[in-house]
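Q: Just passing along the structure, written as structure tokens.
Values in this text are rule-based calculations from the coordinates and carry no lab data. This structure is a prediction, so every number in the text was calculated from the model and none was measured. Ideal geometry is used to build each Cβ from the backbone, glycine not excepted, and the neighbour counts take in all protein chains shown.
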Number of protein chains: 2
Amino acid sequence: MRKARAPVTLQDVADRAQVSTATVSRFVNQPNVLAEATAERVRRAIEATGYVPNRIAGSLASNRSHLVAALVPDVAQSIFNATIEAMISELANDGYLTMLGLTGIDNVRMAELVEAALGQRVDAIILTGILTDRRSRKLLRNSNATVIETWGLPADPIDVAVGFSHFDVGVEIARFALDRGYDRPHLLSARGTRAQERRDGFVDAWCAAGRDVPDETFFDAPTRFGQGRAAFRKVAKMSPRPDLVICSSDWLAQGLLVEAASAGLKVPDELAVIGFGNLAMASEMRPTITTIEIDGGRIGREAVEVLRRRSRGEEIQSRHIDVGFRLIARDSA
Amino acid sequence: MRKARAPVTLQDVADRAQVSTATVSRFVNQPNVLAEATAERVRRAIEATGYVPNRIAGSLASNRSHLVAALVPDVAQSIFNATIEAMISELANDGYLTMLGLTGIDNVRMAELVEAALGQRVDAIILTGILTDRRSRKLLRNSNATVIETWGLPADPIDVAVGFSHFDVGVEIARFALDRGYDRPHLLSARGTRAQERRDGFVDAWCAAGRDVPDETFFDAPTRFGQGRAAFRKVAKMSPRPDLVICSSDWLAQGLLVEAASAGLKVPDELAVIGFGNLAMASEMRPTITTIEIDGGRIGREAVEVLRRRSRGEEIQSRHIDVGFRLIARDSA
DNA sequence: TTGCCTAATGTAAGCGCTTGCAACACATTT
DNA sequence: AAATGTGTTGCAAGCGCTTACATTAGGCAA
């Protein structure tokens, strides 16, 4: 059932409207410059032919693709989804189309996706994972594309970074834990992610208060319910048992809580739990989860705002845009 | 900090490698036809110049974009995420890049996104929502792009459909309800979505068994926790109280269950709940949720398989690909 | 040696659009 | 009447590739 080629081009429209191709092109891109009578003729010709402008040709000629690439680890149950959603919507308002690349756990496909995106001459490329590959970094630096790293604030961004300090999150959690008088925290982190930085922040602040280095358990990302379950079983057996488990995601925390409930442990008195992300379930399940809220949507919007400024030709004042975070104390700790 | 234009073109590489542009192009697209010595020279030239092929130009010349557009209502907490993820990964393996468009609730932006995608001359366009707009349908029919509608099996697909019968899901739920002896079901559906078809299936089968048309409550999509909560409050007040609430999503079901728990109602004896989607939480929370499982990943993979066949020039045998569904009985009903 | 075939490479004509510049028609000013 | 300005439109040269077709070199059979 393949259809015949539908080669309606600018030329066809131009012929029909009795104008030059330049005029039709202007109608499509800057309608206001045409005389109303001409515009009307073109409009009718487009209508009659069912013409859809070939943006590929347009991009080639104008050297601007109106394409943005967003590279994220995954999309299935991702903490980045709010960011992605906000970004795609905002970009659509500005006439940009978003290509989504999945870099996978450990960002194994990051490098090839960077190259693919660059091959499409995207106007911007937005990263969520951490890009370590040297060749990719170099390609990005040499490209004309705006490069925005999100969800973190690396010391030396490729171009611009929009995020928050994971280290500070750790510090804040430590402060909270000290404040509430917790004594034996246990850290549950996903390996090779920014959770590591939060862990460092926690340990730093915790030890600065004269406490011993806390115990910890590492997981392979991504963190899910099941790992929270497993973690509970491990933690429950420890002696002395930790009184606070700090999880690198709300999923982990939720898994823990479910097991704690069926083991009959009182939360937070016998076991307290802190999550990360403030996913919907954190406030909707019982007990509600004490967690760190990140405004993922704002990260997306700020990223797009950077693009806007760039395309207006404005200089970007700072290479770091900090959207902050907030600890929300609820039932679980 | 804008960077200078990096105009490394095929020509630059060709000059450096002392070959024609055609040869470099072949190296990029069909490496095996070159003599090894030539290939090596080109390889080195590319390495030295940091050349990244301009796929835009390539697409224009070859009339194949290697781009696929996926149009989904949302991505934040979507039941489609598994499909999207599977699709993007599979496509990446085949050298395709995926553009993600968000059509929004009620698919308000569907039409403009269809046109934008067509403007990029995508090789295929994959829809999850329902496309009713006549102009869009016409554009799609006239385009060369493969069009795949997913998550449903419309009687007259634009091109090919991959999904399952929502009506049958409703029938299956009715069968289950009758089987378990439920008496006063209450339907909770999102307006203007395919949930409506499931509802029809249920009502059809339920009435066919000689029962009265069940009560129902409608919501605006997307369905979330909060609406499940609200629904519980409404349902709890009814007299006689329903003994089974059929929700159009697991979110809804979960919201209901949380409220039921805090109201001290016994599930499923005093109130049973059925969800839809088999999201992670359906099996991970307590009580576990009886729900309909859809293999979203498979939908994505089947869609990509259709594209593969098309690009091999094979004729598509059937315009409907049914991936089925499965009712999973758990604690909640 | 000649003729023919195959494999490897080159030549060059586009692909469908954008846009700097030129051209023109009027209106307004001097 | 000439000069100048303003608003519209057309001309045509690309943008960086792909690919049909032409060309060349080398191998092999007759």
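Q: In whole Å, how far is the Cα centre of segment A:8-51 from that of segment B:240-262?
A: 56
Q: Taking the simple approach of a point 7 Å from Cα along Cα-to-Cβ for both B:Glu47 and B:Asn93, what is their distance in nm?
A: Taking the two extended label points, one gets 3.0 nm.
Q: Another question about this same structure. Take every DSSP beta bridge whose two residues both sit in the protein assembly as shown, then give the antiparallel share in percent to the nearest 5.
A: Counting DSSP beta bridges with both partners in the protein assembly as shown, the antiparallel share is about 10 percent.
Q: Between A:Val213 and A:Glu40, how high is the FRET efficiency from 1/(1 + (r/R0)^6) when r is the Cβ-Cβ distance and R₀ = 56 Å? Nearest 0.05.
A: That gives a FRET efficiency of 0.15.
Q: Only Cα pairs within less than 10 Å get springs; with that Gaussian network setup on chain A, which residue of A:Gln317, A:Gln30, A:Gln77 has the largest fluctuation?
A: Among A:Gln317, A:Gln30, A:Gln77, the largest mean-square fluctuation in the Gaussian network model of chain A belongs to A:Gln30.
Q: Pick out which of B:Pro53, B:Pro268, B:Pro73 has the largest mean-square fluctuation in a Gaussian network model of chain B, springs linking Cα atoms closer than 10 Å.
A: Answer for the Gaussian network model of chain B: B:Pro53.
Q: Same structure again: Which residues make up the longest stretch of chain B that has no trypsin sites (Lys or Arg not before Pro) in a DSSP loop with at most 11 other Cβ atoms within 10 Å?
A: By the stated rule (loop sites, at most 11 other Cβ atoms within 10 Å), B:6-265.
Q: Name the long-range amide H neighbours of B:Thr217: under 5 Å, sequence gap of 5 or more, or other chain; modelled H, no Pro or chain starts.
A: Result for B:Thr217 returns B:Leu187, B:Leu188, B:Ser189.
Q: As a check on your grasp of the helix formula, calculate [θ] at 222 nm for chain A: sum -39500 (n - 2.57) over DSSP H runs of n ≥ 4, divide by the residue count, round to the nearest 500.
A: Using -39500 (n - 2.57) per qualifying helix, the result is -13500 deg cm²/dmol.
Q: Can I ask one more? Structure shown: which of A:Lys266/B:Lys234; A:Lys237/A:Lys266; B:Lys234/B:Lys266 lie over 27 Å apart, alpha-carbon to alpha-carbon?
A: From A:Lys266/B:Lys234; A:Lys237/A:Lys266; B:Lys234/B:Lys266, over 27 Å: A:Lys266/B:Lys234.
Q: Report Rg (one decimal) and Dmax (nearest whole number) for segment A:79-231, counting Cα atoms only, units Å.
A: 18.3, 55
Q: Moving to a separate point now. Arranged by the count of other C-beta atoms within 10 angstrom, fewest first, what order do B:Asp15, A:Asp74 take?
A: Fewest to most other Cβ atoms nearby, the residues stand as B:Asp15, A:Asp74.
Q: Quick one: in segment A:76-134, what % of C-alpha pairs are over 15 Å apart? Write out the running numbers ahead of the final one.
A: Working: 918 of 1711 pairs.
Roughly 54 percent, rounded to a whole number.
Q: Treating each Cα of segment A:203-333 as an identical point scatterer and ignoring solvent, apply the Debye formula and state log10 I(q)/I(0) at q = 0.14, 0.23 Å⁻¹.
A: Calculated log10 I(q)/I(0) at the listed q: -0.71, -1.36.
Q: While we're here: List, largest first, the extents of the alpha carbons of the protein assembly as shown along their principal axes, each in whole Å.
A: 74, 73, 53
Q: Hey, another quick one. Place a point 7 Å from the Cα of A:Arg141 along the Cα-to-Cβ direction; which residues of segment B:42-56 have their backbone N under 15 Å from it?
A: It comes to B:50, nothing else.
Q: Further question: Please work out whether chain B counts as rounded, prolate or oblate from its C-alpha gyration tensor, where a ≥ b ≥ c are the square roots of the eigenvalues and a/c under 1.5 means rounded, while otherwise a/b larger than b/c means prolate and anything else oblate?
A: Verdict is prolate for chain B.
Q: Let me ask something additional. What relative contact order, as a whole-number percentage, does chain A give when Cα pairs under 8 Å and 6 or more residues apart are counted? List each step's numbers first, then the result.
A: Working: 585 pairs, mean separation 48.8, N = 333.
Relative contact order of chain A: 15 percent.
Q: Using only alpha carbon pairs under 8 Å that are at least six residues apart, calculate the relative contact order of segment A:158-244 and give it in whole percent.
A: Working: 102 pairs, mean separation 31.5, N = 87.
It rounds to 36 percent for segment A:158-244.
Q: For a footprinting-style exposure proxy, rank A:Thr193, B:Thr217, A:Thr23, A:Thr223 by other Cβ within 10 Å, fewest first.
A: Neighbour counts put them in this order, fewest first: B:Thr217, A:Thr23, A:Thr193, A:Thr223.
Q: Here's another thing I want to ask about it. If a/c stays under 1.5 just call it rounded; otherwise compare a/b with b/c (prolate if a/b is bigger, oblate if not). Do that for segment A:169-257, with a ≥ b ≥ c from the square roots of the Cα gyration tensor eigenvalues.
A: Working: a/c = 1.92, a/b = 1.30, b/c = 1.48.
It comes out oblate by the Cα gyration axes.
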